[in-house]
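As structure tokens, the structure follows; a few thoughts come after it.
The values are calculated or read from the model by the stated rules, or taken from the named source; none is laboratory data. The shown structure was predicted, so the numbers you read here are calculated from the model rather than taken from an experiment. Here the Cβ positions follow ideal geometry from the backbone for every residue, glycine too, while neighbour counts run over all protein chains shown. The accessibility values were calculated without ligands, DNA or RNA, using every heavy atom of the protein model including side chains. Shrake-Rupley method; radii C 1.70, N 1.55, O 1.52, S 1.80 Å.
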Amino acid sequence: HAKVAGRNGVTLFEAGMLAEAERKLTLERDFAAAMENGELSMYLQLQIDHLRMPVGAELLMRWQRPDGSFVPPDVFIPAAESSGLIYPLGQWVLRQACEYWLRLDRAGLAVPLSINVSPLQFRQPEFVEQVCAVLVETGAPASQLIFEVTEGLLVSDLNETIARMHELAQMGIRFSIDDFGTGYSNLAYLKKMPLYELKIDKSFIRDTPGDVNGTAIVQSILAMADHLGLRVVAEGVETDQQASFLAANRKPAMQGFLFSRPAPLEEFMTQMRSWRARAA
Ligand code: C2E
Ligand code: MG
Ligand code: MG
Ligand code: MG
């Protein structure tokens, strides 16, 4: 690359890196402003069981710009992580989860709420203390919160991570491995961690029931989870065929556009009421 010199002796390679760094900085600055300006909110997406009864919900962050357009979390969460804003953000998500749960409870619609916890947030020395503080301040029960972590959390400080998980589990927090099967592949961690749940990544669910190998992978994950006594949520269920396949194979909980799109709290409550009425 270095030979392809552009104007002023700056190579195209360097210019590309510079543009990339500028894009990243702009995104980080925009995201900081979005936090200040209240452009962030939490949506909820329903999880249902094989009888189509609501059994939980995942909180998903949304960034809506003043012009109405949405910036996807897969774009802004990495920016929040590289800028350090993920720390206050993670705290805010935790508090929102507690407040949402209390509001759902008052409406007679309480279900356990899952939140996505960034590895950076989880590794903060004060994390356990912060979780404790939010629970005490809001009065929400720890037993109603599920922390979704990815296999990325397991690549370093494994012993410390496991110890911290046990501390939180002792308080009543439950743990889920998100996007299961797409990350770290050493399964030994499954027997050391206080896990409650696996979430099968939507890339695997997409392959069912048409693709033979994809289907075999999903069936194997379901069987393994059963043997380990773990609950399973199938993520990204979009078709009736996928739902029927899952209902015929160990009946995991399901989350996906087939049932409901992530929605703001009020709309989520309406979705819950209609699913409950239909299932009853
Ligand atoms: P995730 O935790 O795996 O969340 C599931 C993603 O699948 C969500 O994308 C959800 O909208 C999407 N989804 C649900 N059902 C379907 C379906 O039937 N088909 C398809 N194609 N997609 C479906 P979303 O909301 O864009 O979030 C993307 C990722 O951003 C999340 O993946 C999570 O890793 C991260 N994220 C979102 N909110 C937070 C947050 O509050 N904190 C942290 N640390 N990360 C978050
Ligand atoms: Mg998740
Ligand atoms: Mg996931
Ligand atoms: Mg994901």
Single condition residue 69 does not satisfy, out of (1) among the polar types (S, T, N, Q); (2) touching a residue at least 12 places away in the same chain (Cβ under 8 Å); (3) away from ligand 4 (no atom under 16 Å from the Cβ): (2)
Out of 190, 109, sole residue that is part of a loop (DSSP other than H, G, I, E, B) and either within 16 Å of ligand 1 (Cβ to nearest atom) or more than 20 Å from residue 90 (Cα to Cα) (or both): 109
Scope the range 145-178; condition in a helix (DSSP H, G or I) and within 13 Å of ligand 2 (Cβ to nearest atom); matching residues: 151, 152, 153
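Considering only residues that are touching an Asp or Glu at 6+ places or on another chain (Cβ under 9 Å) and assigned to a helix (DSSP H, G or I), look in the range 216-249 and name the one that is surrounded by the fewest Cβ atoms within 10 Å (Cβ to Cβ).
217
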Of all residues making up the range 149-167, the number that are of a type outside the set (S, T, N, Q) and either touching a strand residue (DSSP E or B) at 6+ places or on another chain (Cβ under 7 Å) or within 16 Å of ligand 3 (Cβ to nearest atom) (or both): 6
Close pairs (8 angstrom Cβ cut-off, 6 or more residues apart or separate chains): within 12 Å of residue 63 (Cβ to Cβ) and in a helix (DSSP H, G or I) in the range 21-39, open to solvent by 40 Å² or more (accessible area, probe 1.4 Å) and of a type in the set (Lys, Arg) anywhere: 34/65
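Which is out of contact with any His (no Cβ under 6 Å at 6 or more places or on another chain), on the phi < 0 side of the Ramachandran plot and open to solvent by less than 30 Å² (accessible area, probe 1.4 Å), of 149, 136?
Details: 136 fails: open to solvent by less than 30 Å² (accessible area, probe 1.4 Å).
None of the other options fit; the residue is 149.
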Enumeration of residues in the range 179-201 that are within 15 Å of ligand 2 (Cβ to nearest atom) and closer than 13 Å to residue 221 by Cα: 179, 180, 181, 182, 197, 198, 199, 200, 201
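Here's the yes/no breakdown for (1) open to solvent by 40 Å² or more (accessible area, probe 1.4 Å); (2) among the hydrophobic types (A, V, I, L, M, F, W, C); (3) within 16 Å of ligand 2 (Cβ to nearest atom):
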| position | (1), (2), (3) |
| --- | --- |
| 44 | no, yes, yes |
| 111 | no, yes, yes |
| 114 | no, no, yes |
| 119 | no, no, yes |
| 125 | yes, no, no |
Matching residues, the range 215-251, being within 25 Å of residue 193 (Cα to Cα) and touching a residue at least 60 places away in the same chain (Cβ under 8 Å): 233, 251
Flag for residue 102 being open to solvent by less than 60 Å² (accessible area, probe 1.4 Å), under 30 Å from residue 275 (Cα atoms) and part of a helix (DSSP H, G or I): yes
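Residues that are more than 16 Å from ligand 2 (Cβ to nearest atom), open to solvent by less than 30 Å² (accessible area, probe 1.4 Å) and among the small types (Gly, Ala, Ser): does the range 76-83 have at least one? Write out each step before concluding.
The first filter runs over the range 76-83 and keeps only residues more than 16 Å from ligand 2 (Cβ to nearest atom), leaving 79, 82-83.
With open to solvent by less than 30 Å² (accessible area, probe 1.4 Å) added as a condition, the list becomes 79.
With the extra rule that they be among the small types (Gly, Ala, Ser), the set shrinks to 79.
Yes, the conditions are met somewhere in the range 76-83.
When you look at residue 138, is it within 14 Å of ligand 2 (Cβ to nearest atom) and either under 20 Å from residue 196 (Cα atoms) or not hydrophobic (A, V, I, L, M, F, W, C) (or both), yes or no?
Judged against the criteria, residue 138 is not a match.
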